[in-house]
Amino acid sequence: MDLRGSTGFDPNTPNAARLYDYFLGGKDHFPADRLAAEDLLRVAPEVRRAARANRAFLGRAVRHLRDLGIEQFLDIGTGLPAQGAVHELAGPLARVTYVDNDPVVLVHARAMLARSFRTTVVAGDVRQPHEILKNRDLGIDFDRPVAILLVAVLHFVAEADDPERIVAALRDIMAPGSHLVISHAAAEARAAAVARGVEIYDRSHTPITPRSRKAIEALFAGFDLVDPGLVWLPEWRPEQADHIDFPRDPGSSLQFGGIGRKR
């Protein structure tokens, strides 16, 4: 997601969605993205594993919510389509709406989902939640429980844009029993990885703001954190395969993740 204000296509400037695609082993990136990604990986090789950990957390979260009976998913800042997308995991009756403001993401997502009648892609900027919520194409019934996914997106929101305000606007429209999913870059992660990551993303259209566990927990105001709370990504209800990349140090996933249930 491009959060600097410009939504034009620029292959010569690193882009967060394309960097993430590169770390996941995808093909939708350009030389500028690859150079920036390799620059970061030289200092913080765990970033590639961290991207996979984030994707795995998303999958576990969606399956958990599906098993609870949630049938509506609003994924804001969805990024480029990848295997294990929300609509593939949410169940055949689920309504899934993807939101992003990156034109490349929108083109790819709409092409992939052209024949999916219960999945929608709309343009929107997480910094403007009220604009997203009033979009007539959203297809979400907020009188019923919904899962809102803010996975690896809020760390691209600057303090000046007030992430707590953004989450509060979404929370206020959610019915009781709805769920909020957040993963977020951690200020407590290894200092060299954080510093180099901030430097690399500052050169892109998407500067990054890692936050402390306490600051991320504050985003769940009005929600009850689901067990095990806000933890390093591999620690959130891990499955056997998740231990492969993080046998000793879950903090090398670089992000905290959690799910909150609206009271």
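No value in this document is a laboratory result; all are computed from the given coordinates. Predicted model only: the values in this text are computed from it and were never measured. Here Cβ is always computed from backbone atoms with ideal geometry, including for glycine, and neighbour counts include all displayed protein chains.
Structural remarks
- Rounded to the nearest 20 debye, dipole of segment 174-263 from Cβ charges on Lys, Arg, Asp, Glu: 300
- Where labels lie 7 Å past Cα in the beta-carbon direction, separation of ALA158 and ASP39 in nm: 2.0
- The chain: projected area of the alpha-carbon convex hull, averaged over directions, in nm²: 12.5
- In percent, rounded to a whole number, the relative contact order of the chain is 22, using alpha-carbon pairs under 8 Å and six or more apart.
- FRET efficiency for ARG248 and LYS134, using Cβ-Cβ distance with R0 set to 45 Å, rounded to 0.05: 0.45
- Segment 151-195: C-alpha pair distances exceeding 17 Å, %: 46
- Compactness relative to 2.2 N^0.38 Å, alpha carbon Rg of segment 114-256: 1.14
- Values of log10 I(q)/I(0), in the order q = 0.24, 0.27 Å⁻¹, for segment 23-66 under a Debye, Cα-only, solvent-free model: -0.84, -0.94
- The C-alpha radius of gyration of segment 38-108, expressed as a fraction of 2.2 N^0.38 Å, stands at 1.28.
- The alpha carbon radius of gyration of segment 42-156, expressed as a multiple of 2.2 N^0.38 Å, is 1.06.
- Convex hull of alpha carbon positions in segment 1-90: directionally averaged projected area 6.4 nm².
- Relative packing of peptides 96-109, 29-42 - highest average C-beta neighbours within 10 Å first: 96-109, 29-42
- Net charge of Cβ neighbours under 14 Å - reference GLN72; Lys, Arg +1; Asp, Glu -1: +1
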